[in-house]
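Participant: The structure follows.
The values are calculated or read from the model by the stated rules, or taken from the named source; none is laboratory data. What you see is a predicted model, and the numbers here were worked out from it, not measured in a lab. Cβ coordinates were reconstructed from backbone atoms using ideal geometry, including for glycine residues, and neighbour counts include every protein chain displayed.
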Amino acid sequence: MPILSNSKHERFSQGIAQGMTVSAAYEYAGYSAHGSNAARLSQNDNVKARVNEILSAAAERAGITRERIQSELAKIAFADIRKAILWGNGVVIKDEETGAESVVNDVSLIASDKIDDDTAGAISEVSRTKDGMRLKMHDKQRALELLGKDIGMFKEKIEHSGEVTLAGLITKSLEAE
């Protein structure tokens, strides 16, 4: 779709594509503030198509594709923490003052150059704390949910209730005439 012939509609579309609110984009386009007119213009088929075109072009320039997004979500969704850390049976530590013994899990991070790309993509944070190292993974459940929605696995159910009136409609009997 080419640039819209109505320059105010084009500027409005550009504003929406830049992330402005409908009202802000309406004023950005040169119109006086008017919430309902802004909302109405945002529903114009040509405006919606132009905004989608602008956003699609920007995504394409950035190399954002559906396959790439699915791949990144899959890294998170199917990550296995055992590929990022090692742990053993534990180490017995004896307190010098009290003589009390305690078992501390022997946990260590796998070196970053030894972690595969998929596992590295699933790690959100690595930090040092007073108790040792901390490894945080991205939200696996959310990634699975987004992937499931993308493939149509989870359907939103909409329930309707109440009476339906068919006023003014002509009905024809299905019986043989």
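Participant: Would you mind finding the one in 75, 48 that is without any contact (Cβ under 8 Å) to a residue 40 or more places away in the chain and either in contact with a Gly (Cβ under 8 Å, 6 or more places away or on another chain) or under 30 Å from residue 150 (Cα atoms) (or both)?
Facilitator: Answer to the selection: 48.
Participant: Search segment 12-30 for residues that are closer than 16 Å to residue 54 by Cα and surrounded by fewer than 16 Cβ atoms within 10 Å (Cβ to Cβ) and pair each with any residue that is at pLDDT 90 or above and of a type in the set (Phe, Trp, Tyr) when their beta-carbon atoms are under 9 Å apart and the residues are at least 6 apart or on different chains.
Facilitator: Listed by first residue and then by second, the contacts come to 18/28.
Participant: When the residues of segment 31-57 are filtered to those that are in contact with a Ser or Thr (Cβ under 8 Å, 6 or more places away or on another chain) and of a type in the set (Gly, Ala, Ser), which remaining residue is surrounded by the most Cβ atoms within 10 Å (Cβ to Cβ)?
Facilitator: Result: 38.
Participant: Please state which of the following conditions residue 72 fails to meet, knowing it meets all the rest: (1) part of a loop (DSSP other than H, G, I, E, B); (2) in contact with a helix residue (DSSP H, G or I) (Cβ under 8 Å, 6 or more places away or on another chain).
Facilitator: Every listed condition holds for residue 72 apart from (1).
Participant: Which one is farthest from residue 43 (Cα to Cα), of the residues in segment 1-32 that are of a type in the set (Gly, Ala, Ser) and part of a helix (DSSP H, G or I)?
Facilitator: 7
Participant: Could you list, in sequence order, the residues of segment 51-72 that are within 22 Å of residue 149 (Cα to Cα) and either touching a residue at least 24 places away in the same chain (Cβ under 8 Å) or not small (Gly, Ala, Ser) (or both)?
Facilitator: Residues satisfying the conditions are 52, 55, 64, 65, 66, 67, 68, 69, 70, 72.
Participant: Let me ask another. Is it true that some residue in segment 78-96 is closer than 30 Å to residue 19 by Cβ, of a type in the set (A, V, I, L, M) and surrounded by 10 or more Cβ atoms within 10 Å (Cβ to Cβ)?
Facilitator: There is no residue in segment 78-96 that is closer than 30 Å to residue 19 by Cβ, of a type in the set (A, V, I, L, M) and surrounded by 10 or more Cβ atoms within 10 Å (Cβ to Cβ).
Participant: Select from segment 100-154 the residues that are of a type in the set (Asp, Glu) and in contact with a strand residue (DSSP E or B) (Cβ under 6 Å, 6 or more places away or on another chain) and write down the one among them that is farthest from residue 79 (Cα to Cα).
Facilitator: 101
Participant: If I filter segment 97-112 down to residues being surrounded by fewer than 13 Cβ atoms within 10 Å (Cβ to Cβ) and of a type in the set (A, V, I, L, M, F, W, C), which single residue comes out as farthest from residue 144 (Cα to Cα)?
Facilitator: Within segment 97-112, the match that is farthest from residue 144 (Cα to Cα) is 100.
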